[in-house]
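Q: Pasting a structure here, questions to come.
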């Protein structure tokens, strides 16, 4: 019998929310698919503070992925306001968005997205290269991040020499290494068995306790319940937004 | 700035990891560049080789010697204007020398008559035909820069008395005497006996067409006795100052008109040739080779560049998801552009280095086995081929790298 992914809610602590990080107001996003215009988001407003642990839920086609891309500064809204730590993201151009992603956002993907021919350490160092850190500094920070996710002994392994759970840990170390304002995880357990999934969610809990801000995008109720707050989307609109419990 | 350096270092690391991971593919792609670079460098060595070979050959002719002859070098179209010119006789050299002696501040040093014909040289059973045989005076020694590997040139007494002595070219001596010393031996030149008193050291050939080592030098009087000089001679005139060839020509023309008894207003009935004329003749040939070479090398490099462009497109396509990941992690457009450009340039550089090594080996082999073919390797060739490799990489890698840098991260991340 596989272990349940659902968390033990009793006795867990919720950290007090810090200053505002993300402020989205009345955001819409339109896509042109041939002759058809798709309204992926129809006016979404969310505020996310530092130290929050947030889950974004919704069935496919709900606008969940679009909102995630928006939150991750991979995409800009068609209309509406998006401020990231007070900076207006909606009007930023490509390279400005790249810098925001580099400094402020740590991505964790469903498919890990590690560079196959680089060692775990080199993968973790990557965001630091783009941030312009010196090699010595990069190495020190990357080793620290790898130790933080419990992989201090796997620095020089390549992704194909690691298990799925270890790969996701490397990806999490990579997301953490630049000390971003938020960690944005897209279905982080989607490609893992449930036992490993539990381990990853335990790691997220630990990161939250350490003071990180986490946003997990998922369609699994059990995963979402690890967060302290759940935002549910349906048909491009927010259906509900409230604490877990 | 430091960020750019880190990005570049990372790009090179990734590029070489990528090339290592796709060895066969990279080698096949680099092959196009290798062929291109071999073509470029071989063309370079050939052109340089022709240049050096030509200059060396000209030096053998003597770059301070004017040739007074009936016909201009390089042929003429209005041959009838030349055919009726009176022949130049060897003793006109004496008259010319007397004029030179009487001219104050003359630019001319000495005139030497040279009569020539093709004969055979025979010693015992060994016979060489088609030997370029000349009859000249002892002053001939002042014209040539070559050393004697054995013996000496005949002196004035020997020359004037028409003693049957001779100096052989290196190849002739080697052919008829093989390993033994020819000095003091008697050879038959055109059937007449001559005593060998010297051998000119090896000089090589003029553009591989005419060998300076296939000759025999006789005293003019002896030459006159056995072979007719009625067909005339050429006068070789050594000049004092190489930098004033034009002035020397002018003085020589005036002197020759007096020697030939020409009236004012009459056209010269002789031609003054100089090695510069060869240069003028060779330049269009060199340009032709360079142009044809440019076309061939351009074509082969173009094919190589298409290969590089293709492989970079494939690489971008294969790694679309990686590009998305890198962009998500903060790679700017410039970073992605540089990464793929550097990958293309790296393959080209590897091809360039391999091509250069191949050319170097070829040049070494050719210069050892076929010394007559003038090829020369040079350091500038290394720089040129590296520059060409890098330029090829940049030009061919730019379109795919640009495309990669403009990819939408959302689309790239979703790519499977």
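Q: Would you confirm whether any residue within the range B:39-47 is out of contact with any strand residue (DSSP E or B) (no Cβ under 6 Å at 6 or more places or on another chain), within 14 Å of chain A (Cβ to nearest Cβ) and either without any contact (Cβ under 8 Å) to a residue 24 or more places away in the chain or part of a helix (DSSP H, G or I) (or both)? Before the answer, list the steps.
A: Looking only at the range B:39-47, we keep the residues that are out of contact with any strand residue (DSSP E or B) (no Cβ under 6 Å at 6 or more places or on another chain), and these are B:39-47.
This time we only want the ones that are within 14 Å of chain A (Cβ to nearest Cβ), so: none.
Checked the range B:39-47: no residue is out of contact with any strand residue (DSSP E or B) (no Cβ under 6 Å at 6 or more places or on another chain), within 14 Å of chain A (Cβ to nearest Cβ) and either without any contact (Cβ under 8 Å) to a residue 24 or more places away in the chain or part of a helix (DSSP H, G or I) (or both).
Q: Residue B:294 versus (1) surrounded by fewer than 15 Cβ atoms within 10 Å (Cβ to Cβ); (2) outside the structural domain of residue B:89 (by TED's automatic domain parsing); (3) in contact with a helix residue (DSSP H, G or I) (Cβ under 9 Å, 6 or more places away or on another chain); (4) at pLDDT 85 or above: which is the lone unmet condition?
A: With respect to (1) surrounded by fewer than 15 Cβ atoms within 10 Å (Cβ to Cβ); (2) outside the structural domain of residue B:89 (by TED's automatic domain parsing); (3) in contact with a helix residue (DSSP H, G or I) (Cβ under 9 Å, 6 or more places away or on another chain); (4) at pLDDT 85 or above, residue B:294 is out only on (4).
Q: Let me ask you something else. Residues that are at pLDDT 90 or above: find the strands (runs of 3 or more DSSP E) completely inside the range B:83-158 holding 2 or more of those. Full working, then the answer.
A: On the way: elements: B:108-123, B:126-136, B:148-151.
Strands (runs of 3 or more DSSP E) meeting the threshold: B:108-123, B:126-136.
Q: Now for a separate question. Name the residue, out of B:68, B:76, that is in a loop (DSSP other than H, G, I, E, B) and away from chain A (no Cβ under 14 Å).
A: Values: B:68 fails: in a loop (DSSP other than H, G, I, E, B).
Every option except B:76 fails the conditions.
Q: Please work out which residue is surrounded by the fewest Cβ atoms within 10 Å (Cβ to Cβ), limiting yourself to the range B:327-350 and to residues that are assigned to a helix (DSSP H, G or I) and within 7 Å of chain A (Cβ to nearest Cβ). It would help to see each step written out before you state the result.
A: First, the residues of the range B:327-350 that are assigned to a helix (DSSP H, G or I): B:327-328, B:333-350.
Then keep just the ones that are within 7 Å of chain A (Cβ to nearest Cβ); that gives B:327-328, B:333, B:335.
Numbers: B:327: 28, B:328: 27, B:333: 17, B:335: 22.
Here the answer is B:333.
Q: Checking residue A:144 against (1) surrounded by fewer than 16 Cβ atoms within 10 Å (Cβ to Cβ); (2) farther than 13 Å from residue A:174 by Cα, which single condition isn't satisfied?
A: (2)
Q: Among the residues of the range A:152-160, is there at least one that is in contact (Cβ under 8 Å) with a residue 40 or more places away in the chain and within 30 Å of residue A:41 (Cβ to Cβ)? Write out each step before concluding.
A: The first filter runs over the range A:152-160 and keeps only residues in contact (Cβ under 8 Å) with a residue 40 or more places away in the chain, leaving A:158-160.
This time we only want the ones that are within 30 Å of residue A:41 (Cβ to Cβ), so: none.
Scanning the range A:152-160, I find no residue that is in contact (Cβ under 8 Å) with a residue 40 or more places away in the chain and within 30 Å of residue A:41 (Cβ to Cβ), so the answer is no.
Q: Okay, moving on. Go through the range A:44-78 and give me each residue that's away from chain B (no Cβ under 14 Å) and not in a loop (DSSP other than H, G, I, E, B).
A: A:44, A:45, A:46, A:47, A:48, A:49, A:53, A:54, A:55, A:56, A:57
Q: Inspect all residues belonging to the range A:115-124 and state whether any of them is in contact (Cβ under 8 Å) with a residue 60 or more places away in the chain, at the interface with chain B (Cβ under 10 Å from one of its Cβ atoms), closer than 24 Å to residue B:11 by Cβ and surrounded by fewer than 23 Cβ atoms within 10 Å (Cβ to Cβ).
A: The initial filter retains those residues of the range A:115-124 that are in contact (Cβ under 8 Å) with a residue 60 or more places away in the chain, namely none.
Checked against the condition, which is being in contact (Cβ under 8 Å) with a residue 60 or more places away in the chain, at the interface with chain B (Cβ under 10 Å from one of its Cβ atoms), closer than 24 Å to residue B:11 by Cβ and surrounded by fewer than 23 Cβ atoms within 10 Å (Cβ to Cβ), the range A:115-124 yields no hits at all.
Q: Then there is this: Across the range B:219-264, what is the total count of residues that are over 31 Å from the mean Cα position of the chain (by Cα), more than 30 Å from residue B:166 (Cα to Cα) and not in a loop (DSSP other than H, G, I, E, B)? Spell out the reasoning first.
A: Of all residues in the range B:219-264, those over 31 Å from the mean Cα position of the chain (by Cα) come to B:219-232, B:251, B:253-264.
Next cut, more than 30 Å from residue B:166 (Cα to Cα) only: B:251, B:253-255, B:257-258, B:260-264.
With not in a loop (DSSP other than H, G, I, E, B) added as a condition, the list becomes B:251, B:253-255, B:257-258.
Here the count works out to 6.
Q: May I ask you to verify whether residue A:81 is within 14 Å of chain B (Cβ to nearest Cβ), modelled with pLDDT under 95 and farther than 24 Å from residue B:15 by Cα?
A: The answer is no for residue A:81.
Q: Then there is this: Test of understanding: among A:166, A:110, A:144, which residue is in contact with a strand residue (DSSP E or B) (Cβ under 9 Å, 6 or more places away or on another chain) and within 28 Å of residue A:223 (Cβ to Cβ)? Full working, then the answer.
A: Numbers: A:166 fails: in contact with a strand residue (DSSP E or B) (Cβ under 9 Å, 6 or more places away or on another chain); A:144 fails: in contact with a strand residue (DSSP E or B) (Cβ under 9 Å, 6 or more places away or on another chain).
Every option except A:110 fails the conditions.
Q: Any residue in the range A:161-179 that is more than 16 Å from the chain's Cα centre (by Cα) and loosely packed, with under 15 Cβ neighbours inside 10 Å? Lay out the reasoning, then the answer.
A: In the first step, residues of the range A:161-179 are kept if they are more than 16 Å from the chain's Cα centre (by Cα); the result is A:161-166.
After this cut, where a residue has to be loosely packed, with under 15 Cβ neighbours inside 10 Å as well, the list is A:161, A:163.
Yes, the range A:161-179 has at least one match.
Q: Right, something else. Scan the range B:355-376 and give yes if some residue there is without any contact (Cβ under 8 Å) to a residue 24 or more places away in the chain, more than 30 Å from residue B:203 (Cβ to Cβ) and in a helix (DSSP H, G or I), otherwise no.
A: Yes: one or more hits.
Q: Is it the case, given these coordinates, that residue B:349 is in contact with a helix residue (DSSP H, G or I) (Cβ under 9 Å, 6 or more places away or on another chain), farther than 30 Å from residue B:58 by Cβ and at pLDDT below 90?
A: Values: in contact with a helix residue (DSSP H, G or I) (Cβ under 9 Å, 6 or more places away or on another chain): yes; farther than 30 Å from residue B:58 by Cβ: yes; at pLDDT below 90: no.
For residue B:349, the condition - in contact with a helix residue (DSSP H, G or I) (Cβ under 9 Å, 6 or more places away or on another chain), farther than 30 Å from residue B:58 by Cβ and at pLDDT below 90 - is not met.
Q: Return yes or no: is residue A:90 modelled with pLDDT of 95 or more and more than 19 Å from residue B:339 (Cα to Cα)?
A: Working: modelled with pLDDT of 95 or more: no; more than 19 Å from residue B:339 (Cα to Cα): yes.
So residue A:90 fails the test.
Q: If a residue has to be surrounded by fewer than 24 Cβ atoms within 10 Å (Cβ to Cβ) and modelled with pLDDT of 95 or more to count, how many in the range A:183-199 make the cut?
A: 1
Q: A further question follows. For the range A:130-141, name all the residues that are free of Cβ contacts under 8 Å to residues at least 24 places away in the same chain and either buried (at least 17 other Cβ atoms within 10 Å of the Cβ) or on the phi < 0 side of the Ramachandran plot (or both). It would help to see each step written out before you state the result.
A: Within the range A:130-141, the first condition is being free of Cβ contacts under 8 Å to residues at least 24 places away in the same chain, and the residues that meet it are A:132-140.
Within the range A:130-141, A:133, A:134, A:135, A:136, A:137, A:138, A:139, A:140 qualify.
Q: Confirm whether residue B:379 is under 34 Å from the mean Cα position of the chain (by Cα), farther than 20 Å from residue B:328 by Cα and crowded, with 18+ Cβ neighbours inside 10 Å.
A: Working: under 34 Å from the mean Cα position of the chain (by Cα): yes; farther than 20 Å from residue B:328 by Cα: yes; crowded, with 18+ Cβ neighbours inside 10 Å: no.
Criteria not met by residue B:379.
Q: Give A:41, A:128 a once-over and let me know the one that is within 14 Å of chain B (Cβ to nearest Cβ) and within 21 Å of residue B:336 (Cβ to Cβ). Can you show your working first?
A: Values: A:41 fails: within 21 Å of residue B:336 (Cβ to Cβ).
A:128 is the lone residue from the list that is within 14 Å of chain B (Cβ to nearest Cβ) and within 21 Å of residue B:336 (Cβ to Cβ).
The values are calculated or read from the model by the stated rules, or taken from the named source; none is laboratory data. Treat the numbers as computed from the prediction; the structure is a model and nothing was measured. With ideal geometry, Cβ positions are generated from the backbone for all residues, glycine too; neighbour counts draw on all protein chains shown.
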